[in-house]
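Taking it in order: structure first as structure tokens, then the write-up.
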Amino acid sequence: MNTIKMNTKLIIIAIAVQCMAIQAVGQTVQGDPVMASQKQILYYTSEWDGNRLPDGRPLVSDEWLDRLKKIKVEDVWQLLNELGYRNQFEGNWKILHDDRPMTGRALTAHYMPLRPNIQQKMFQDGIDAGQIGAMNSWPIDQLQKGDIYVADNFGKIAQGTLIGDKLGNSIFARSENGVIFDGSLRDAETLSAINGFNAFTRGWHPSFLEQVMLMGINVPVRIGGVTVFPGDVILAKQIGVVFIPPHLVEQVVVTAEIVTLRDEFVHERVRAGVYTPGQVDARWTAEIEEDFLNWVKEADRINRLPVPVEEMQEYLQQRTW
């Protein structure tokens, strides 16, 4: 009799555990299937200790974004390379306005080739969680001012057009910025008329988006040879796009601003015949450093130094170029 009671208890416990597991799975499915949680974003950006956007992404200030826009991609790339971040640049873009630099904070989206059964589930769960409209509009609804919409659409051109002019206008209304798509766009003529909007894409095509499904918003994505995380800071210019980890933005910008002044000094002195290319293209002697400091103090150039003179060398310690 005791054995029967024990077996009955074990069966009841097993059923209870199974029900709890089913309930847990149900609770997971009921959530938004594409939105990264704040916990995930905090994990990916744990080295950032400043303010954050409501979704958890680092809030790098507009001041740093404005200063970054004046810096050469090469200088940013070089410092990141010296810091060990060697996969941060991607080129070979079709650019809507190649004379219009763009900086901003990455809001990422990951697309994959369509699997109908999964797409149907994710679409319905997203709608139940509060998403509205077609899946390619969902990332746009999350954009904040200063964001750049970065989408991995696996390089798809025909039927890979993630946006046209309607969604392009929506993107600019929310972000006052543009897009970087490893995929394609349509309606280039009308998109180019949006004052302030820019697009870096793999191509243009008149087709509509087909056979694609959204798998994640604010998740890590691959853009060519770069792994991009939500909240990465972007510098996009004619040469290409460099993605900067947010915790390094201040160091990168200040160092590059100092390098810009030093390069200006070099160009002036070389053109005047004061130094040879070999003298200034190597580690500077004490005499050249002193000449540079005197030059900086002329014509209010010292006001262009982003840090006091005594702090300048601290930023240049990592620089080997």
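Every number here is computed from the coordinates shown, using simple stated rules; none is lab data. Note that the structure is predicted; figures quoted are calculated from it, not measured. So basically every Cβ, Gly included, is an ideal-geometry build from the backbone, and we count neighbours across all protein chains shown.
Simple rule: put +1 on each Lys or Arg Cβ and -1 on each Asp or Glu Cβ in the range 80-147, find the dipole, and look at 80, 144, 126; the Cα lying farthest toward the positive end is 126.
Sites listed here are trypsin sites (Lys or Arg not before Pro) in the range 91-186 whose DSSP assignment is loop and whose Cβ has at most 13 other Cβ atoms within 10 Å: 145. Applying 1/(1 + (r/R0)^6) with R0 = 35 Å to the Cβ-Cβ distance of residue 271 and residue 154, what FRET efficiency is obtained, to the nearest 0.05? About 0.15, to the nearest 0.05.
Applying the criteria of a DSSP loop state and at most 14 other Cβ atoms within 10 Å to the chymotrypsin sites (Phe, Trp or Tyr not before Pro) of the range 186-285 yields 208. With contributions of -39500 (n - 2.57) from each DSSP H run of at least four residues, the per-residue ellipticity at 222 nm computed over the chain stands at -12500 deg cm²/dmol.
In nm, what is the difference between 0.36 nm times the number of residues separating residue 208 and residue 117 and their Cα-Cα distance? Each step should come with its number before you reach the end.
Working: separation 91, 0.36 × 91 = 32.76 nm, distance 2.13 nm.
That pair, residue 208 and residue 117, stretches by 30.6 nm at full extension.
Volume per residue of the convex hull around the Cα atoms, evaluated for the range 183-321, comes out as 189 Å³. Computed from these coordinates, which is Cα extents along the principal axes in Å: (i) 101, 58, 29; (ii) 55, 47, 40; (iii) 74, 58, 44? Only one option fits the structure, namely (i). Count the DSSP beta bridges whose two residues both fall in the chain, then state the antiparallel fraction as a percent rounded to the nearest 5. Bridges in the chain that DSSP calls antiparallel: roughly 55 percent.
Subtracting the Cα-Cα distance of residue 260 and residue 195 from their residue separation scaled by 0.36 nm leaves 20.5 nm. Determine the shape class of the range 99-156: with a ≥ b ≥ c the square roots of the Cα gyration tensor eigenvalues, call it rounded for a/c under 1.5, and otherwise prolate if a/b is greater than b/c, oblate otherwise. Cα axes put the range 99-156 in the oblate bin. Look at where the Cα atoms of the range 162-197 and of the range 86-112 average out, and the two centres are 13 Å apart. Summarising the label geometry, the points placed 7 Å from Cα in the beta-carbon direction at residue 294 and residue 39 lie 6.3 nm from one another. Here the Kirkwood formula puts the hydrodynamic radius of the range 250-316 at 12.4 Å, using every distinct Cα pair.
Helices meeting the span-like rule in the chain (full DSSP H runs, Cα extent of at least 27 Å along the helix axis, mean Kyte-Doolittle score of -0.5 or higher): 2-30, 249-271.
To the nearest 0.05, what FRET efficiency results for residue 286 and residue 92 with a Förster distance of 45 Å applied to their C-beta separation? Once the sixth-power term is evaluated, E becomes 0.55.
PRE reach from residue 238 (point 7 Å along Cα→Cβ): which of the range 193-225 fall under 18 Å by backbone N? Hits in the range 193-225 for residue 238 at 18 Å: 198-201.
Want the number for residue 309 to residue 62: 0.36 nm per residue separation, take away the alpha-carbon distance, what's left? Can you show the working numbers first?
On the way: separation 247, 0.36 × 247 = 88.92 nm, distance 2.51 nm.
Working it through step by step, the gained length comes to 86.4 nm.
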